[in-house]
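These notes are about the structure you will find just below.
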Number of protein chains: 2
Amino acid sequence: MALSDVAKVERNEAGIATVLGILKQRFGERFQTGQSLREQHGHTTTYIPNQAPDGVVFPESTAEVQEIVKACAEHRVPVIAFGTGTSLEGHVNAPGGGISLDTSRMNRVLAVNAEDLDVTIEPGITREDLNAYLRDTGLFFPIDPGANASLGGMAATRASGTNAVRYGTMRENVLALTAVMADGRAITTAKRAKKSSAGYDLTRLLVGSEGTLGIITALTLKLQGIPQAISGGVCPFPSVEAACQATIATIQMGIPVARIELVNALQMRALKNYSNLDYAETPCLFVEFHGSDAGVAEQAETFGEIATEYGGGPFLWTAVAEERAKLWKARHDAYWASLTLRPGAKALSTDVCVPISRLAECIAETEADIAQSGLIAPIVGHVGDGNFHVLVLMDVNDPAEIERAEKFVGRLNMRAIGMDGTCTGEHGIGQGKMGFLERELGDAVDFMRTIKTALDPQNILNPGKVLPAAH
Amino acid sequence: MALSDVAKVERNEAGIATVLGILKQRFGERFQTGQSLREQHGHTTTYIPNQAPDGVVFPESTAEVQEIVKACAEHRVPVIAFGTGTSLEGHVNAPGGGISLDTSRMNRVLAVNAEDLDVTIEPGITREDLNAYLRDTGLFFPIDPGANASLGGMAATRASGTNAVRYGTMRENVLALTAVMADGRAITTAKRAKKSSAGYDLTRLLVGSEGTLGIITALTLKLQGIPQAISGGVCPFPSVEAACQATIATIQMGIPVARIELVNALQMRALKNYSNLDYAETPCLFVEFHGSDAGVAEQAETFGEIATEYGGGPFLWTAVAEERAKLWKARHDAYWASLTLRPGAKALSTDVCVPISRLAECIAETEADIAQSGLIAPIVGHVGDGNFHVLVLMDVNDPAEIERAEKFVGRLNMRAIGMDGTCTGEHGIGQGKMGFLERELGDAVDFMRTIKTALDPQNILNPGKVLPAAH
């Protein structure tokens, strides 16, 4: 299914012209229409063609976001929230033009409640900046999608990453949020109580809604105590299946593993090329444990024994921070490392997630599919959650190759869905996965449409994303 | 605010008569209209007056639920899902009459996926029956609200209970669900993948919606491995404040406490009366730890040291199952035990939840308020989450006393909301808390109404609950 089939949005030229004038007058230098800035705000780390917004505005408060949304609502103009632009499925493109609402100036920490293990922030702060700010409190925010994304963007895409296996995803870690709705009203979805049964869970409805139901202007997040000790290491396996079986055994034994990342043989080659590390070119698990000194040593030893049972090892681990940092830097550089496998190529990064019992089968079939398709496509996975990524390296100037890659991604999505999994574990739908949402969830998508239409009747909030038109 | 102000629903006599006829013909003995059965289905463990439905139907499948909802939709008749009737805020009352849809015959386990640590069930199975079924797998479902509630009801009210501090609430433990929507269509909200960023989170929207947005007909739940070892015990404290401070320190140190329950002095007296246990009549924490043999011993020792620092102790703990069972039986009997404090009285059980940093202050003010109001009202709390219950013992034949109790509950709710907390941590809104939802969440409630109207335009699903009429 081509993107053009699902993601079309008509331009409202007159409305856009009016809003450009209003915002220029109101925001002065904080409203920009230069082409490169506009294109950068439609930019996504993907092969999906750029669809630039007509202007970019930099609000500094919830009240200013309300003003912008009210102007866009009055003139029926799209408004697209923008964090750091690290989304992967065309989330920030502007298929019908309109205004990109850049939250980078809303990056303050509003309140740290150390006793309650929570923090209230503006959406534009990045996770690295938040953790730097928190360092002296002994607390940290655990979710780590790899990119130094904004917390607002992470909430909007229901992001997760390497340590979701222990700490959960943005779904579990947002206590409350403030959002500006399509009519310009701002609401706060919950108080700071750790749990509540008061009414519908608007927090979770907005988390993962990709800016299509409201624009997040503040977030209250759960924090964790910085672990006393961390241990970690890399363990080679004879096959992806052996690595997956060891992962299942680790989870079933209740070892509270903090990260457990599969890197397949091809991706290991790329990491070696890029990071100059002395790894085997065989599937590996990158593993990390958080706890007390004795606890993390015990966990690492137990994991090593499990690995041996499944033919893996040796599991070399360390509790020394610098060595661990080097290891995870290598893992986090997987995207850039993979580009060395085909210089000049662009990467189509896609993700699926399946029940962990089906993971080995899903990855094995996918590796066979990659080989048969003649594609170069390494795999990394947050395997404790059954989630994995395929980076398809392609020449984006070759339409035949793009088509081959898109067909492969289509088979991958349908394979995951067929195994009772999802077409996206953490990247979101954006534009890229719109064709698969109904294949996954059927009539449920109709009720999503009903909610979208009720909350945003003019379809001004990030139109042309998430929900394909009804047929 | 009196209930009659917020929870009024007009009766549609003609529609009800028609649907009674249709269901009688279709379901035969599985449709009942006897008065005592009807009253039992409007019954709630509360002082709220009984509003019986006009008939009770016992479907056995999603398809049958669809038939019932379609009939009710066609004739604009209320349909109220019923689990075990243990809700506390009038959730299953029928203010506009209509049909109680009793899920007790939908109590099968549909699939256990041990490798994936999940189970798919029908909504009518109770948590005790589910755990009995799972025993041989080495897995269990942790959420424990005290009552042996149905899992469907627990999901619908976003229930939690004593061990939410470790395992989360129904919000975190429902992976996916099937629901029959107001037009009779059945949807499944998610696949079995442990995480997903595919579209709006309809799972979490339905969890806690109290049967007002859809009727849950299947649930996929996360399971946990049965811990290798469990230790627990009771620790007295000189004051509620000392107990709360010890709780905060325990959480902040990252001790993965499985339960940490405050029982105030008055409730301790009641437990002693009822369970014949040799406890001090002073605030106590009931604590439990899950882990390895060495782990639970270490956790218990560390907790004991923390308790001593705050003037508490001695902390007597045991890893012997029978002793622990006796202890938790006593805690779980708190409701019945409290009735011994005033024989013949009925208990109004209410709950609020605040950020843990405000908990001691909130409970202290509440105890003072109880004393000043001349009420008898013991307190128990899931203090690791900042959640506590007050059981107001009252003569329900004395309108003046009911008024006094309602006013007290009003002050309690507003106190919690004023401390950035919620008017209900786990009981839900039902009828009893409708007057407080907007005090807590303001305009957010308007968007809940928008969603309700969009998904249930005829207002047939559990009408007169959760959302007060707009003003």
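The values are calculated or read from the model by the stated rules, or taken from the named source; none is laboratory data. Being a predicted model, the structure only gives us computed values, none of them experimental. Cβ sites come from the backbone with ideal geometry, for glycine too, and all protein chains shown count toward neighbours.
Would you confirm whether any residue within region A:421-428 is in a helix (DSSP H, G or I) and within 9 Å of chain B (Cβ to nearest Cβ)?
Within region A:421-428, the first condition is being in a helix (DSSP H, G or I), and the residues that meet it are none.
Scanning region A:421-428 turns up no residue that is in a helix (DSSP H, G or I) and within 9 Å of chain B (Cβ to nearest Cβ).
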Inside region B:420-448, the number of residues satisfying the requirement of being touching a residue at least 60 places away in the same chain (Cβ under 8 Å) and among the acidic types (Asp, Glu) is 2
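What are the residues in region A:54-92 that are closer than 25 Å to residue A:144 by Cα and in contact with a strand residue (DSSP E or B) (Cβ under 8 Å, 6 or more places away or on another chain), if any?
Initial filter on region A:54-92 (closer than 25 Å to residue A:144 by Cα): A:80-92.
Answer for region A:54-92, where residues must be closer than 25 Å to residue A:144 by Cα and in contact with a strand residue (DSSP E or B) (Cβ under 8 Å, 6 or more places away or on another chain): A:80, A:81, A:82, A:83, A:84, A:88, A:92.
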Scanning region A:429-448 residue by residue, those of a type in the set (A, V, I, L, M) and facing chain B (nearest Cβ under 8 Å) turn out to be A:429, A:437, A:441, A:444, A:445, A:448
Residue hits (region A:7-55; in contact (Cβ under 8 Å) with a residue 40 or more places away in the chain, more than 28 Å from residue A:399 (Cα to Cα) and of a type in the set (Lys, Arg)) are A:26, A:30
The condition from (1) more than 14 Å from every other protein chain (Cβ to nearest Cβ); (2) touching a residue at least 40 places away in the same chain (Cβ under 8 Å) that residue A:89 misses is numbered (1)
Only one of (1) away from chain B (no Cβ under 14 Å); (2) assigned to a helix (DSSP H, G or I); (3) under 28 Å from residue B:222 (Cα atoms) does not apply to residue A:245, and that is (1)
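Give A:37, A:88, A:23 a once-over and let me know the one that is modelled with pLDDT under 95, outside the structural domain of residue A:399 (by TED's automatic domain parsing) and aliphatic (A, V, I, L, M).
On the way: A:37 fails: modelled with pLDDT under 95; A:23 fails: modelled with pLDDT under 95.
Unique residue meeting the criteria: A:88.
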Condition set touching a residue at least 40 places away in the same chain (Cβ under 8 Å) and within 10 Å of another protein chain (Cβ to nearest Cβ), scope region B:449-467, selection surrounded by the most Cβ atoms within 10 Å (Cβ to Cβ): answer is B:466
Within region A:188-225, the residues that are modelled with pLDDT under 95 and more than 9 Å from chain B (Cβ to nearest Cβ) are none
Selection over region B:240-264 where residues are farther than 29 Å from residue A:290 by Cβ and crowded, with 18+ Cβ neighbours inside 10 Å yields a count of 4
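Yes/no matrix, rows are residues, columns are (1) more than 18 Å from residue B:226 (Cα to Cα); (2) assigned by TED's automatic domain parsing to the domain that holds residue B:390; (3) more than 28 Å from the chain's Cα centre (by Cα):
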{"site": "B:259", "(1), (2), (3)": "no, no, no"}
{"site": "B:265", "(1), (2), (3)": "yes, no, no"}
{"site": "B:298", "(1), (2), (3)": "yes, no, yes"}
{"site": "B:325", "(1), (2), (3)": "no, no, no"}
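Looking at region B:389-401, is at least one residue facing another protein chain (nearest Cβ under 9 Å) and either surrounded by fewer than 24 Cβ atoms within 10 Å (Cβ to Cβ) or at pLDDT 95 or above (or both)? If you could, list the steps in order and put the result at the bottom.
Kept after step one, since they are facing another protein chain (nearest Cβ under 9 Å), are these residues of region B:389-401: none.
No: region B:389-401 contains no residue that is facing another protein chain (nearest Cβ under 9 Å) and either surrounded by fewer than 24 Cβ atoms within 10 Å (Cβ to Cβ) or at pLDDT 95 or above (or both).
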inquiry  = Going by what's in this entry, would residue B:92 be described as β-branched (Val, Ile, Thr), surrounded by 23 or more Cβ atoms within 10 Å (Cβ to Cβ), more than 28 Å from residue B:192 (Cα to Cα) and in contact with a Lys or Arg (Cβ under 8 Å, 6 or more places away or on another chain)?
reply    = no
Looking across region A:131-161 at residues that are closer than 24 Å to residue A:422 by Cβ and over 11 Å from the mean Cα position of the chain (by Cα), the single one that is farthest from the other protein chains (Cβ to nearest Cβ) is A:152
Within region B:310-330, is even one residue under 18 Å from residue B:161 (Cβ atoms) and outside any helix (DSSP H, G or I)? no
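How many residues does region A:29-61 hold that are hydroxyl-bearing (Ser, Thr, Tyr) and more than 24 Å from the chain's Cα centre (by Cα)? Even if it seems obvious, please write down each step before you answer.
Residues of region A:29-61 that are hydroxyl-bearing (Ser, Thr, Tyr), as a first pass: A:33, A:36, A:44-47, A:61.
Okay, now just the ones that are also more than 24 Å from the chain's Cα centre (by Cα), so A:33, A:36, A:61.
Adding up the residues that qualify gives 3.
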Per the list (1) away from chain A (no Cβ under 13 Å); (2) in contact (Cβ under 8 Å) with a residue 24 or more places away in the chain, residue check on residue B:413 breaks on (1)
Given the conditions (1) surrounded by fewer than 24 Cβ atoms within 10 Å (Cβ to Cβ); (2) among the basic types (Lys, Arg); (3) touching a Leu at 6+ places or on another chain (Cβ under 8 Å), every one holds for residue A:166 apart from (3)
- Are any of the residues in region B:180-187 in contact (Cβ under 8 Å) with a residue 60 or more places away in the chain, at the interface with another protein chain (Cβ under 10 Å from one of its Cβ atoms) and closer than 17 Å to residue B:426 by Cα? no
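Please indicate, with yes or no, whether at least one residue in region B:237-256 is more than 29 Å from residue B:116 (Cα to Cα) and charged (D, E, K, R). Explain how you work it out, then say what you get.
Here is the first cut: in region B:237-256, the residues more than 29 Å from residue B:116 (Cα to Cα) are B:237-250, B:252-253.
Pick out the ones that are also charged (D, E, K, R) and you get B:241.
Among the residues of region B:237-256, at least one is more than 29 Å from residue B:116 (Cα to Cα) and charged (D, E, K, R), which makes the answer yes.
Please tell me if residue B:281 is among the acidic types (Asp, Glu), more than 14 Å from chain A (Cβ to nearest Cβ) and in contact with a Ser or Thr (Cβ under 8 Å, 6 or more places away or on another chain). Lay out the reasoning, then the answer.
On the way: among the acidic types (Asp, Glu): yes; more than 14 Å from chain A (Cβ to nearest Cβ): yes; in contact with a Ser or Thr (Cβ under 8 Å, 6 or more places away or on another chain): no.
Against the criterion (among the acidic types (Asp, Glu), more than 14 Å from chain A (Cβ to nearest Cβ) and in contact with a Ser or Thr (Cβ under 8 Å, 6 or more places away or on another chain)), residue B:281 does not qualify.
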* Asked: Has region B:62-79 got any residue that is within 14 Å of another protein chain (Cβ to nearest Cβ) and in contact with a Ser or Thr (Cβ under 8 Å, 6 or more places away or on another chain)?
  -> yes
Among (1) assigned to a helix (DSSP H, G or I); (2) modelled with pLDDT of 95 or more; (3) under 26 Å from the mean Cα position of the chain (by Cα), residue B:307 falls short only on (3)
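Would region B:60-83 turn up any residue that is under 30 Å from residue B:396 (Cα atoms) and surrounded by fewer than 19 Cβ atoms within 10 Å (Cβ to Cβ)?
no
With the structure loaded, tell me whether residue A:105 is closer than 19 Å to residue A:163 by Cβ, among the charged types (D, E, K, R) and surrounded by fewer than 19 Cβ atoms within 10 Å (Cβ to Cβ) or whether it fails that test.
Values: closer than 19 Å to residue A:163 by Cβ: no; among the charged types (D, E, K, R): yes; surrounded by fewer than 19 Cβ atoms within 10 Å (Cβ to Cβ): yes.
Answer is no for this residue.
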Of the residues in region B:420-436, those that are buried (at least 24 other Cβ atoms within 10 Å of the Cβ) and either more than 24 Å from the chain's Cα centre (by Cα) or under 24 Å from residue A:216 (Cβ atoms) (or both) number 2
